[in-house]
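Below: one structure, written as structure tokens.
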Amino acid sequence: MSTVIEQAGGERADLRRLGALALRAGSLLAFVAVLVFFSATAPFFLSFFNFTNVIAQSAILAILAFGMTVVIIGGGGNVVTGGIDLSVAANLGLCAAVYAALIQAGQGDATAILTTMATGLAVGAANAFAVVAVGILPLLATLAVMNVAAGLELVLTENTVLSASTPFLMAINNVGPFGVPNLAWILLVVAVVLILLVQFTPVGLRLQAVGEHREAARAAGLPVARYVAATYLVSGLFAALGAILSVAYLSGSSTGSAELLLGVVVTALLGVVFSRRLVPTIGGTLLAALFIGFLGNGFQLLNISSYWVSGVQGALILLVVAATSVLRRKES
Amino acid sequence: MAQATLPTAQHRRRLPDLVFQMGLPLALLLVVLFFAWSSPAFLVPSNLESVLVNNFTLLAIVSIAMTLAVASGGIDLSVGTALDFASLLFVSLIAAGQPFGIALLAGLLGGLAAGLFNAFLIVALGITPFLATLGTLFIGRSVQQLTTGGGIPIYLSKAKVPEAATFLAHGDILGIATPLWVVASLIILFTVLLRATPFGRRVTAIGVQPAVAWYSGLPVRRDLVLVYLLSALVAAVAGLMLSATVNAYVPSSGNAFLLNAIGATFIGTTLDRRGRPNVPGTVLGVLLLAVVANGLLLIGWNFYWQQVGTGVLIFLVLVASFASRRWRKAA
């Protein structure tokens, strides 16, 4: 998909930049318009409490979507043959179950954190092995791994909620400095670190090169396979991080984490429109996650039935993708 | 020179080819033998029929729909949506006292609506099939929640279930269960359609080389519209079968088939020498999943371990098939 853009010549690139600017400005405008609309119609919407809470509630989805975004950046934007990690949500479910089970077994937070991280990494490693070493399509490889992870979660929890509560988990769920929930702080810190890492370090730039121009990256001597494998490990690690936040937020494991998957995919794909070159970026994904969070929250405050939410999300991706594909067709 | 090296290259390719193509049937055979050996209740006619009727039929139908989309180079994530729409219309109309034929037709049209929407997004707006059908899935979920008061199932009382529906789900013709006749006809129909008709060959061409198909003057847009309509229509048949079996419409129950259908379709590609999606391969893939689910239950694995077992098995089949694909390329 992105190759079309790169093939475009100089003046076309100008045209494209203009179009991309319009789209990006359009999507940012849409974001602002939604915020303004909700603050005008639902007075509580713009309150500090509500605002920071929405950010906190978006943390888990956003962090999973960060992992997905890293995979897409490294694997290329084509959803079928490029990078995608369908196992993130199931991985989160498994990791959350591991954490809660360890706490219930009387282990401390430190052990639980380490084991959870190891679990997330192991799932990521399975993906990396299947995609990089064996060469299975990412869509397919991560689908298979997803099934295994979901099965292991069921074995561990027998489809029940394992509750877990420790001072550490409660601290995560508390309100932190400046009256902002700790979950929101964690999200912002993770986002800033990841943005710096992906957009501003040599490693990050090389990762983008691997995703966008695989052959060129290979010709330049980059260890392409290692980069792609690393993205799945990162994604696994983020699933584990999301799991710890989820255990804190829900005071235990949850049985419905697999349902997060499509939301994560939508968030990562929607994020593309918030970037200048219409490519996946961490910042774009953050904005998309917040956008979806505010949309759901505004609907709730306006007493609009939550039944509309998934339809609006679906219409949103279609709108965005249709706009980008029309833009891209114009250039070529 | 190319001609001179060709025979040896072919010769060397033969073994990996064979491993690649025979992987899936072999896996199925091994699994059947294993369960036959470990559980006396497995290789019994009544159990085999139960595998086919309960574990195989619906997933096979949905997977045929998926195979069509994948063969055209796309994917249809909204097969579950078409299934649900069909089920919703069928069951609501029966519940409202309409005759079976009208409800059946409405159900098929409901499924087609999802396909029409996909076709519009993919062909008219140029959205990639993955994203287009993902959008349809999301919108379809909202539509179902809005029309059912947030996802309340519709149940048909025994008195309301038409005889034809009972026959469709539980009847038999010549001693063979009706659902098996339905699925067998669909398998034959779509195997022939994809393999032996101009339309099928065009679809395969579009899937393999979309640009070449376009420049060769193939009616790519028209064919893609047909592919997504057909995919939705086939999924709608699964929706009708499901409603007739459980005498109910349960919102968003179609999505349960989605991931297994994708898995079966791609596992099935190994049956083709060139690794292309094909209906017989898909059917073998579904059969493998069905046999494993049934067999693990019989040897006493609980539902949770079954999930792990099935997942690991699919993973291993994929690893074996893609590894041999690489081996073949290297040879």
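For the stretch B:289-331, a residue qualifies if it is of a type in the set (Ser, Thr, Tyr) and out of contact with any Asp or Glu (no Cβ under 8 Å at 6 or more places or on another chain), and the qualifying residues are B:Thr310, B:Ser321, B:Ser324. Of all residues in the stretch B:104-139, those satisfying the criterion of being small (Gly, Ala, Ser) and at pLDDT 90 or above are B:Ala106, B:Gly107, B:Gly110, B:Gly111, B:Ala113, B:Ala114, B:Gly115, B:Ala119.
Summed over the stretch B:82-120, residues that are surrounded by fewer than 24 Cβ atoms within 10 Å (Cβ to Cβ) and within 14 Å of chain A (Cβ to nearest Cβ) total 3. Of everything in the stretch B:144-186 that's away from every other protein chain (no Cβ under 14 Å) and polar (S, T, N, Q), which residue is nearest to the chain's Cα centre (by Cα)? Per the stated criteria, the residue is B:Ser185. With respect to being among the polar types (S, T, N, Q) and modelled with pLDDT of 90 or more, A:Asn127 fits the description. What pairs come out if I take residues in the stretch A:183-207 that are in contact (Cβ under 8 Å) with a residue 12 or more places away in the chain and within 17 Å of A:Arg226 (Cα to Cα) and pair them with residues that are assigned to a helix (DSSP H, G or I) and of a type in the set (Phe, Trp, Tyr) whose C-beta lies under 6 Å away, six or more apart or interchain? Here the result reads A:Leu207/A:Tyr227, each pair linking the stretch A:183-207 to a residue that is assigned to a helix (DSSP H, G or I) and of a type in the set (Phe, Trp, Tyr). For A:Leu94, the conditions (1) modelled with pLDDT of 90 or more; (2) surrounded by fewer than 21 Cβ atoms within 10 Å (Cβ to Cβ); (3) within 13 Å of chain B (Cβ to nearest Cβ) all hold with the exception of (2). Restricting the search to helices (runs of 4 or more DSSP H) fully inside the stretch B:1-77 and requiring at least 3 residues that are among the hydrophobic types (A, V, I, L, M, F, W, C) and modelled with pLDDT of 80 or more gives B:2-38, B:57-71.
Could you count how many residues in the stretch B:144-178 are assigned to a loop (DSSP other than H, G, I, E, B) and surrounded by 13 or more Cβ atoms within 10 Å (Cβ to Cβ)? Of the residues in that region, 6 qualify. If you go through the stretch B:194-252 and pick out every residue that is crowded, with 24+ Cβ neighbours inside 10 Å and either free of Cβ contacts under 8 Å to residues at least 12 places away in the same chain or not hydrophobic (A, V, I, L, M, F, W, C) (or both), you end up with 5. For the stretch A:127-159, the set of residues classified as more than 8 Å from chain B (Cβ to nearest Cβ) and more than 14 Å from A:Ala240 (Cβ to Cβ) consists of A:Ala128, A:Phe129, A:Val131, A:Val132, A:Ala133, A:Pro138, A:Thr142, A:Leu156, A:Thr157, listed by residue number. Screening A:Ile186 against (1) within 14 Å of chain B (Cβ to nearest Cβ); (2) buried (at least 18 other Cβ atoms within 10 Å of the Cβ); (3) at pLDDT 85 or above leaves a single unmet condition, (1). Whenever a residue of the stretch A:45-74 is in a helix (DSSP H, G or I), its partners that are among the aromatic types (Phe, Trp, Tyr) and surrounded by fewer than 23 Cβ atoms within 10 Å (Cβ to Cβ), lying with C-beta atoms within less than 7 angstrom and at least six residues away or across chains, give the pairs A:Phe45/A:Phe38; A:Asn50/A:Phe44; A:Val54/A:Phe294; A:Ile60/A:Tyr249; A:Gly74/A:Tyr227.
Restricted to the stretch B:256-289, and to residues there that are touching a Lys or Arg at 6+ places or on another chain (Cβ under 9 Å) and not in a helix (DSSP H, G or I), the residue that is farthest from the other protein chains (Cβ to nearest Cβ) is B:Asn278. In the stretch A:138-170, the qualifying residues are those that are polar (S, T, N, Q) and in a helix (DSSP H, G or I), and the one that is nearest to B:Val319 (Cα to Cα) is A:Thr142.
Residue-wise test of (1) under 19 Å from A:Leu319 (Cβ atoms); (2) within 14 Å of chain B (Cβ to nearest Cβ); (3) more than 13 Å from the chain's Cα centre (by Cα).
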residue	(1), (2), (3)
A:His213	no, no, yes
A:Ala217	no, no, yes
A:Val228	no, no, yes
A:Leu269	yes, yes, no
A:Ser275	yes, no, yes
A:Leu287	yes, no, no
A:Ile292	yes, yes, no
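Among the residues making up the stretch B:197-253, those that are in a helix (DSSP H, G or I), among the polar types (S, T, N, Q) and under 17 Å from B:Leu89 (Cβ atoms) are B:Ser243, B:Thr245. Just one of the numbered conditions (1) more than 14 Å from every other protein chain (Cβ to nearest Cβ); (2) of a type outside the set (Ser, Thr, Tyr); (3) not in a helix (DSSP H, G or I) is not true of A:Val36: (3). Go through the residues of the stretch B:290-299 one by one and say whether even a single one is assigned to a helix (DSSP H, G or I), facing chain A (nearest Cβ under 10 Å) and either touching a Lys or Arg at 6+ places or on another chain (Cβ under 9 Å) or modelled with pLDDT of 80 or more (or both). No: the stretch B:290-299 contains no residue that is assigned to a helix (DSSP H, G or I), facing chain A (nearest Cβ under 10 Å) and either touching a Lys or Arg at 6+ places or on another chain (Cβ under 9 Å) or modelled with pLDDT of 80 or more (or both). Considering the conditions (1) outside any helix (DSSP H, G or I); (2) of a type in the set (A, V, I, L, M); (3) modelled with pLDDT under 80, A:Ala30 is excluded by exactly one of them, (1). Among the residues of the stretch A:80-91, those identified as touching a Leu at 6+ places or on another chain (Cβ under 7 Å) and modelled with pLDDT under 85 are A:Val80, A:Thr81.
The values are calculated or read from the model by the stated rules, or taken from the named source; none is laboratory data. Remember, it's a predicted structure, so these values are computed and weren't measured experimentally. As a convention, Cβ positions derive from the backbone with ideal geometry for all residues, glycine included, and neighbour counts pool all protein chains shown.
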